[in-house]
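What follows is a set of notes on a single structure, which appears directly below.
The values are calculated or read from the model by the stated rules, or taken from the named source; none is laboratory data. Worth saying up front: this structure is predicted, and the values here are computed from it rather than measured. Positions of Cβ are backbone-derived with ideal geometry, glycine not excepted, and every protein chain shown enters the neighbour counts. For accessibility, only protein heavy atoms count, side chains too; no ligands or nucleic acids. Shrake-Rupley method; radii C 1.70, N 1.55, O 1.52, S 1.80 Å.
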Amino acid sequence: MKNALSSFHCSSACGAILAYVHLQEHPSDLLPHSGTPGDSNNLVAALMLRPPPAPLLPPASRASLLPPHKAANPNTEPTPATSTTARATPMGAAASWPRALGQRFNPRGVAAVVAVAASEPRLALPHVSVQDIRWLDWAELRRAGFRGVVFDKDNTLTAPYAPELWPLLTASFDQCRAAFPGAIAVYSNSAGLKQYDPDGSDASTIEATIDGVHVIRHDAKKPAGAAKEIESYFDCSASDLVLVGDRYFTDVIYGNRNGFLTVFTEPLSFVGESYIVRKVRKLEAYIINYWYKKGHRPLKHPLLPDARTIVKFDPCEGPVSPRA
């Protein structure tokens, strides 16, 4: 019986990974459409729309990660995902459907996910998970020896395709600038990526809008590629840098493969984000949760053996207050 259950769970995880790969290669299969109940496309959609049977974040017993969040905001402000204070403001070609479709289909990313699933799932597990960057103690990160911070852009610092910093993150971002003056960059699969921003105009817009940020121009989509452009800009090894992002199978895998300290944040807003991306997020979380249940743990980072020391707020204790 035990072997049968183990086989069932293993086949479920493999099926989820195959569904992820299929969805990246054929995103239209997830779009609502008419068809007979037996239509295979409808079956894929039904499976994807079904919520995962377990929490999306690892339980509190995981030594290097935070427990699931009860509160979304340490300062009792509206939840970022539902706040109306910042709406997506499309940047140039970022709003066009060819670019949006291109970002959904990432063949090198699919290959990286399959390789991780087959050999080393822990590469997809972040060193620490928080609701958003307000939970991070930037001064503590600096004291630990880190020399700079690299952010994903969309849904990490800004609303999808917007150049402006998400308003509720302003104070925390100011603290980050104070801790890492001149050592903050954005590394995005939209702005700065030569495939979609060949002249760097979107990157320049962000640099002009968010003070103290440099957008790194690069050729490869995360999670593929090395960190040579980032290391060249910071003049240090990637292992001396923090990478913050909102996607397990792009930001976290890319960061762990290249030696960064990886921080996973929840998406800030679903306004402007495609239906397909939202469903892929669910599938990623399902697979990640399965790997935690199977006993996989995040990689250890040489500068920060216990990643909990960089968290300013415990979102599971109420009322939420800064750590002493």
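If only residues of region 119-147 that are farther than 16 Å from Asp251 by Cβ and not in a helix (DSSP H, G or I) are counted, the one that is most open to solvent (accessible area, probe 1.4 Å) is Arg147.
Out of region 150-190, which residues are small (Gly, Ala, Ser) and within 17 Å of Arg134 (Cα to Cα)?
Passing the criteria: Ala159, Ala171, Ser172, Ala178, Ala179.
Got a number for residues in region 142-178 being more than 13 Å from the chain's Cα centre (by Cα), among the hydrophobic types (A, V, I, L, M, F, W, C) and closer than 28 Å to Arg281 by Cα? Total meeting the criteria: 10.
Of the candidates Gly200, Gly212, the single residue that is surrounded by fewer than 20 Cβ atoms within 10 Å (Cβ to Cβ) and closer than 17 Å to Val244 by Cα is Gly212. The set of residues in region 151-183 being buried (at least 24 other Cβ atoms within 10 Å of the Cβ), in contact with a Lys or Arg (Cβ under 8 Å, 6 or more places away or on another chain) and either in a helix (DSSP H, G or I) or not charged (D, E, K, R) (or both) consists of Ala159, Ala162.
Does at least one position in region 249-272 carry a residue that is surrounded by fewer than 18 Cβ atoms within 10 Å (Cβ to Cβ) and small (Gly, Ala, Ser)?
no
For region 304-315, state whether one or more residues are touching a Pro at 6+ places or on another chain (Cβ under 7 Å) and either surrounded by fewer than 18 Cβ atoms within 10 Å (Cβ to Cβ) or assigned to a strand (DSSP E or B) (or both). Within region 304-315 (the criterion being touching a Pro at 6+ places or on another chain (Cβ under 7 Å) and either surrounded by fewer than 18 Cβ atoms within 10 Å (Cβ to Cβ) or assigned to a strand (DSSP E or B) (or both)), the answer is no, since none of the residues qualifies.
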